There are 2 protein chains.
Amino acid sequence: MLDRIPNKEDIIGAAGIIKPYVNRTPVLTSATFNKRYNSELYFKCENFQKVGAFKSRGAVHALLSIPEPDRINGVCTHSSGNHAQALARAAGLFGVPAYIVMPENSPQVKIDAVRNYGGRITFCKPNLEAREATLKEVQKQTGAIEVHPYDNYDIIAGQATAAKELLEEEPDLEMVLCPVGGGGLLAGTALAVQYFSANRAKVIACEPDGADDAFRSFQKGKIVPSVSPHTIADGLLTSLGKRNFPIIQDYVMEIVTVSDASIIEAMRLIYERIKIVIEPSSAVPLAAIAEQKIAVSGKKTGVIISGGNVDLKKLPF
Amino acid sequence: MLDRIPNKEDIIGAAGIIKPYVNRTPVLTSATFNKRYNSELYFKCENFQKVGAFKSRGAVHALLSIPEPDRINGVCTHSSGNHAQALARAAGLFGVPAYIVMPENSPQVKIDAVRNYGGRITFCKPNLEAREATLKEVQKQTGAIEVHPYDNYDIIAGQATAAKELLEEEPDLEMVLCPVGGGGLLAGTALAVQYFSANRAKVIACEPDGADDAFRSFQKGKIVPSVSPHTIADGLLTSLGKRNFPIIQDYVMEIVTVSDASIIEAMRLIYERIKIVIEPSSAVPLAAIAEQKIAVSGKKTGVIISGGNVDLKKLPF
């Protein structure tokens, strides 16, 4: 279990450890987007990952980083959805119980999925305080070990493997765009780019206007938690973690924010042109390109598509 | 230009000719489906093909099979959508005009796409007679060469390359499932399986109940055209072609039909589990598995996903 920022060898190690249990996801392109934005855009499609999101990487890595005797009472976490599924699945693979605290407003499709993977759910109010308090209670009752969704170095090292794979296929990317919620994917992506990019590509984080705590924290130089965040990108409601923020400060070039309207339009365009099912969070980087918040013209650019778990009966377009 | 059933070398040749102009599409799997149907299902994802459908393969091959001096006045066709886009794109790549006759009830997204590829559209009533009469008129006025959407051996050889690629990745498939409309994809798939399958996999065609002319033709041993077909699978409304039928009689094991309700449910499942955007026609084989019309249990099975051009504002689930 890592107690410091993952180094290059940690991320190489994580990639090896998780390899049998996760998908190597495809990198897709769109001639239409490349023409429209005068760029070469490479979409790393973690919607095709196990449980439909990058979270499987971190969850498997974190679970396997816990010494076996310590796993006996299970693992637990609070999560708005994808980490919950990912941890439930990872635990299930190794016969470990998974106790999941979920906000009561989580999409039904995510609740069902956690149950299908054998996760034992306790619901709570949809705010960070309620999540943490409920989790403490669950921990007290079960003796399970907490696996935080993002504020955890083993999780960060696991999430970093997505960008590592992207850079193996496209080593000369000049930019990598990534959505930011709690900062697990972003911190991992920033480290992977730092260690594995031939050109030291610039990492730019993309965040909804309605949940812009990362943007504000980045500007102020200290963590500014979200208060009542509101966005269609339900995977990005969480506030930056304290292990994530310093990595982001050091290795992320810029954080830009976009409107929900742009996110919805970008989501629709990705369905229409790339022919993939994504959740709103995954559309945030393309929304930033469309809003001209990021100058991709002439630049070879990677985009992390974070996941595809969406309630198909409630598509916003 | 082929005037006989494509042989093995014709299909190998077609694959080489079209290679620079089409995508080698990915083959995806779903742990959920494999578990549910006790099978190994391999989905060949032609929704990721250029213009969003397998039709790009046949269109590029047919266009390049026309001797250059004969292309000068352009090419023309009638098509409910994907072939129209594919031919317009293929013609555009080589500076050839494309005249497209489309039924007036074609989905708007397909009409827009044909125009974006530079195709010149003439609308007609949505029946075969009107399509053929309008096309004759267009041909008379322009001198363009007709490239039929399916009743054309160069088209069949082009479409065959999808199953050829699938068999390169999964040579020991025991069954290959394919939707059938006019029979271009099905005849091509049947030939590719005949020539390239290690086990002579069985080819099973899947058709909507409401457009079951291929099923009835196969039963009667002669072409029985569709009369007022009606199905959500708008790509499968056409009747079998006369060049396609004999190939299907010789090399297809069985044709099964499914309800529109099953097609819609299978479509939703593919969005939810495989995370890809498909059009209803692509869901017909999975609907046949779900209706237990095809016994896939214990069998390694390929499924051709034909395309992904769907009006996202009118998803049927």
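The values are calculated or read from the model by the stated rules, or taken from the named source; none is laboratory data. Note that this is a predicted model, so its numbers are computed, not measured. Cβ coordinates were reconstructed from backbone atoms using ideal geometry, including for glycine residues, and neighbour counts include every protein chain displayed. Ligands, DNA and RNA are excluded from the accessible area calculation, which covers all protein heavy atoms including side chains. Shrake-Rupley method; radii C 1.70, N 1.55, O 1.52, S 1.80 Å.
Sorted from nearest, the other copies put their B:P316 label points 2.8 nm away, the label point being 7 Å from Cα in the direction of Cβ. Per-residue 3J(HN,Hα) values for the stretch B:282-294, derived from phi via the Karplus relation 6.51 cos²θ - 1.76 cosθ + 1.60 with θ = phi - 60°, read 5, 8, 4, x, 5, 4, 5, 5, 5, 7, 6, 7, 10 Hz in sequence order (x marks Gly and Pro).
Beyond 23 Å in Cα-Cα separation lie the following of the pairs B:K35/B:K300; A:K164/B:K164; A:K164/A:K314; A:K44/A:K275: A:K164/B:K164; A:K164/A:K314. What a 1.4 Å probe finds exposed on the stretch B:67-146 is 48% carbon and sulfur by accessible area, rounded to a whole percent. Helix content alone sets the calculated 222 nm mean residue ellipticity of chain A: runs of n ≥ 4 DSSP H residues at -39500 (n - 2.57) each, divided across all residues, give -12000 deg cm²/dmol.
Taking a ≥ b ≥ c as the square roots of the eigenvalues of the Cα gyration tensor, the stretch B:67-146 is classed as oblate, since a/c reaches at least 1.5 and a/b does not exceed b/c.
Applying the Kirkwood pairwise sum to the alpha-carbon positions of chain A produces a hydrodynamic radius of 19.0 angstrom. Remark: chain B carries a charge dipole of roughly 300 debye about the Cα centre, counting +1 on each Lys and Arg Cβ and -1 on each Asp and Glu Cβ. A cut-off of 5 Å between modelled amide H atoms, ignoring neighbours fewer than 5 places along the same chain, links B:V203 with B:V176, B:M253. Among rounded, prolate and oblate, which fits the stretch B:1-93 when a ≥ b ≥ c are the square roots of the eigenvalues of its C-alpha gyration tensor, a/c under 1.5 means rounded, and a/b larger than b/c means prolate? Prolate is the answer for the stretch B:1-93, as a/c is 1.5 or above and a/b outweighs b/c. As an equivalent ellipsoid, the stretch B:91-207 spans semi-axes of 33, 15, 13 angstrom, where each value is the square root of five times an eigenvalue of the C-alpha gyration tensor, largest first. The angle between the Cα long axis of helix A:128-142 and the longest principal axis of the Cα atoms of chain A comes to about 40 degrees, rounded to the nearest 10.
Remark on A:V101: its backbone amide H falls under 5 Å from those of A:T77, A:H78, A:S79, A:T122, a criterion applied only to residues 5 or more positions apart or on other chains, H modelled at 1.01 Å from N.
Measuring nothing but how far apart in sequence close Cα pairs (under 8 Å, 6+ apart) lie, relative to its length, the stretch A:238-317 scores a relative contact order of 30 percent. Ascending distances from the B:T142 label point to its copies in the other chains, with the point 7 Å along the Cα-to-beta-carbon line: 6.4 nm. Remark: label point of A:N105 defined 7 Å out from Cα along the Cα-Cβ vector; separations to the same position in other copies 4.3 nm, ascending.
Seen against the Cα atoms of chain B and their longest principal axis, helix B:184-196 is set at about 60 degrees. Sort the stretch A:129-265 into rounded, prolate or oblate with this rule: let a ≥ b ≥ c be the square roots of the eigenvalues of the Cα gyration tensor; rounded if a/c is under 1.5, and if a/c is not under 1.5, prolate when a/b is larger than b/c, oblate otherwise. It comes out oblate by the Cα gyration axes.
Each residue of the stretch A:246-252 was assigned a 3J(HN,Hα) from its phi angle through the Karplus expression (A = 6.51, B = -1.76, C = 1.60, θ = phi - 60°), giving x, 5, 5, 4, 7, 10, 9 Hz with x at Gly and Pro. Most simply put, chain A has about 10% antiparallel DSSP beta bridges, counting only bridges with both residues inside it. In this structure the amide hydrogen of A:G307, modeled in the peptide plane, comes within under 5 Å of the amide hydrogens of A:N47, A:E279, A:S282, none closer than 5 places in sequence on its chain. Peptide A:269-275 is shielded by partner chain Cβ atoms: per residue, an average of 6 of them sit within 10 Å of its Cβ.
Restricting the stretch B:51-157 to chymotrypsin sites (Phe, Trp or Tyr not before Pro) that sit in a DSSP loop and have at most 15 other Cβ atoms within 10 Å of their own Cβ leaves B:F94.
Taking Cα atoms only, the orientation of helix A:82-93 departs from the longest principal axis of chain A by about 50 degrees. Rolling a 1.4 Å probe across the protein heavy atoms gives the stretch B:67-146 an accessible surface of 46 Å² per residue.
Straight Cα distances below 20 angstrom link B:K140 to the lysines B:K125, with same-chain residues fewer than 8 positions distant left out.
Relative contact order of the stretch A:134-275: 24 percent, from C-alpha pairs under 8 Å at least 6 residues apart in sequence.
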